[in-house]
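Single-structure report; data block below.
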Amino acid sequence: MNSIFEEIRKYKIVPVIKLEKPSDALPLGKALLDGGLPVAEITFRTGAAGDAIRLLREHYPAMTVGAGTVTTTEQVDLARDAGAMFIVTPGFNPRIVDYCLARKISVIPGVNSPSQVEQGLERGLSLLKFFPAEASGGVRMLKALHGPYGEVSFVPTGGIDASNLLQYIQLSNVAAIGGSWMVKEALISSGQFDVIARLCGEALEVVRRSRR
């Protein structure tokens, strides 16, 4: 089993983070750690992603840091060079997935249909992102996928927050939840890192309740 994916399964929450400034990376990383959640997916939706990943990896080596919203092979290279431990793509682009696999880079490609799930299985992948989760049928769709694809686990992302987190966490084929409600851009830009730490802790408490 991939040790990086085991860390993701352990915490069951992957904060999906958009950073406008690399200087926000370290206080954000500290907030995640203070909240008990040493996992971060830094999205390539801004030019700050590479520097932010590098800073987190250098200063918080115990964190599991990946790159998200990766849509080109060039971004794969940037993420890898910055120290990203895993790659997340919004959709299933065979060229990017194969590029990662050929370089032994852990990748979690996005899917929202049986055909895309089978593309992952064809490549030996058993952990896939389910995106956009709510818009693609949410909990009902994941339950439907479990029948024919019982060996596949998902990281549903998109439209999930504290109000419906438990519904997803309780599904047997959900490895973890990807979400940004605890790391909203407004909280980061306004320096409310204490709030981020609290929201991470609250999310982890939901995870703990689901395991009782």
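Structure note, pairs LYS143/LYS184; LYS30/LYS143; LYS12/LYS184: Cα-Cα distances above 27 angstrom occur for LYS143/LYS184; LYS30/LYS143.
Whole angstrom only: what separates the Cα centroid of the range 62-132 from the Cα centroid of the range 148-208? Cα centroid of the range 62-132 versus Cα centroid of the range 148-208: 19 Å apart. Selection among TYR60, LEU187, ILE87 by position relative to the dipole of the range 3-206 gives ILE87 as farthest towards the positive end (Cβ unit charges, Cα centre).
Net charge dipole, the range 3-206: roughly 200 debye, given to the nearest 20, about the Cα centre with Cβ charges of +1 for Lys and Arg and -1 for Asp and Glu.
Going from the fewest other Cβ atoms within 10 Å to the most, the residues PHE154, PHE193 appear in the order PHE193, PHE154. As a rough footprinting exposure proxy, the listed residues VAL97, VAL206 were ranked by other beta carbons within 10 Å of their own, and the order from fewest upward is VAL206, VAL97. Full extension of the chain segment joining ASN164 with HIS59 gains 34.5 nm, where the gain is 0.36 nm per residue of separation less the Cα-Cα distance.
When Kirkwood radius over Cα pairs in Å is computed from the coordinates, the matching label among (1) 17.9; (2) 18.4; (3) 16.9 is (3). Cross-link partners of LYS129 among aspartates and glutamates, defined as those whose alpha carbon lies under 18 angstrom from its own and excluding same-chain residues fewer than eight positions apart: GLU6, GLU7, GLU41, ASP98, GLU118, GLU151, ASP161.
Each residue, LYS143 and GLN192, gets one label point 7 Å from its Cα in the Cβ direction; the gap between the two is 3.4 nm. A simple spin-label model places pseudo-atoms 7 Å from Cα toward Cβ; at ARG45 and GLN116 they are separated by 1.7 nm. Helical runs (DSSP H, four residues minimum) scored at -39500 (n - 2.57) apiece and divided by the length of the chain put the mean residue ellipticity at 222 nm at -13000 deg cm²/dmol. Spin-label pair ARG208-LEU33: with each label point 7 Å from Cα along the Cα-Cβ axis, the two points sit 2.1 nm from one another. Straight-line reach from LYS10: taking Cα to Cα under 14 Å and skipping same-chain neighbours fewer than 8 places apart, the aspartates and glutamates in range are GLU205.
No lab work stands behind these numbers, since they all come straight from the coordinates. Keep in mind that this is a model prediction, so the values were computed, not measured. Every residue, glycine among them, receives a Cβ derived from its backbone with ideal geometry; neighbour counts consider all protein chains shown.
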